[in-house]
1. K58 versus (1) within 16 Å of the ligand (Cβ to nearest atom); (2) over 14 Å from T7 (Cβ atoms); (3) not in a loop (DSSP other than H, G, I, E, B): which is the lone unmet condition?
2. Quick check on the range 114-136: of everything there that is within 10 Å of the ligand (Cβ to nearest atom) and assigned to a loop (DSSP other than H, G, I, E, B), which residue is surrounded by the fewest Cβ atoms within 10 Å (Cβ to Cβ)?
3. Specify which of the listed residues (S97, S70, S111) is loosely packed, with under 15 Cβ neighbours inside 10 Å and assigned to a loop (DSSP other than H, G, I, E, B).
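The values are calculated or read from the model by the stated rules, or taken from the named source; none is laboratory data. Just so it is clear, the model here is predicted, and its values are computed rather than measured. Heads up, the Cβs are rebuilt from the backbone with ideal geometry, glycines too, and the neighbour counts pull from every protein chain shown.
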Amino acid sequence: MSDLEQTLSIIKPDAVERNLENEIKTIFQKNGFKIKNEKKLKLEKSEAEQFYKVHETKPFYSDLCEYLSSGPVIVMILEKENAVKSNRDLMGATDPSKAEEGTLRKLFGKSIDKNSVHGSDSLENAQKEIDFFFKN
Ligand code: CMP
């Protein structure tokens with residue numbers, strides 16, 4: 001038996017810019033995810049820095065935050081059994097050139113930065129990331 005979980009997904013600026021929002025949402029739905037809540041927004045760089053705080057010591061941190069705040073994103077709460085892992089499997093490897101065929105990043109990603117989608121990496125982070133965007 002597996003548990004119904006929620007995870008946070010972001011359709012990143014490179015994908016929104018290419019009008020891939022509906023195509024990506026359809027893939028999530030075909031893979032059994034329910035979109036429980038969603039919104040389109042543009043982050044300030046300071047908000048992206050807060051969101052990606054776990055990466056603050058990484059050399060790519062500043063560019064990453066610059067990029068995530070460079071244009072509109074779609075943030076979604078996805079629900080499914082084992083949603084966290086299921087979403088990570090569907091997204092594929094962080095670097096699109098290493099992602100498996102059929103994964104979202106293989107299909108749409110341009111580079112390790114412009115990799116089209118973000119997904120929470122654990123149930124604990126999923127809750128934090130959902131709260132970040134959806135808690136009043
Ligand atoms: P994401 O899953 O949103 O989480 C952190 C992001 O950092 C990751 O996707 C990548 O887009 C980005 N990133 C940039 N460079 C690297 C790197 N060398 N290793 C891992 N992630 C990177």
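1. Failed condition: (3).
2. Of the residues in the range 114-136, the ones within 10 Å of the ligand (Cβ to nearest atom) are 114-121.
Then drop every residue that is not assigned to a loop (DSSP other than H, G, I, E, B), which leaves 114-116, 120-121.
Details: K114: 18, N115: 24, S116: 25, S120: 23, D121: 15.
Per the criteria, the residue is D121.
3. Exactly one residue qualifies, and that residue is S111.
Here's the yes/no breakdown for (1) touching a strand residue (DSSP E or B) at 6+ places or on another chain (Cβ under 9 Å); (2) at pLDDT below 95; (3) surrounded by 14 or more Cβ atoms within 10 Å (Cβ to Cβ); (4) within 22 Å of A126 (Cβ to Cβ):
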position	(1), (2), (3), (4)
L8	yes, no, yes, yes
A15	yes, no, yes, yes
I27	no, no, yes, yes
K58	no, no, no, yes
Y61	no, no, yes, yes
I77	yes, no, yes, yes
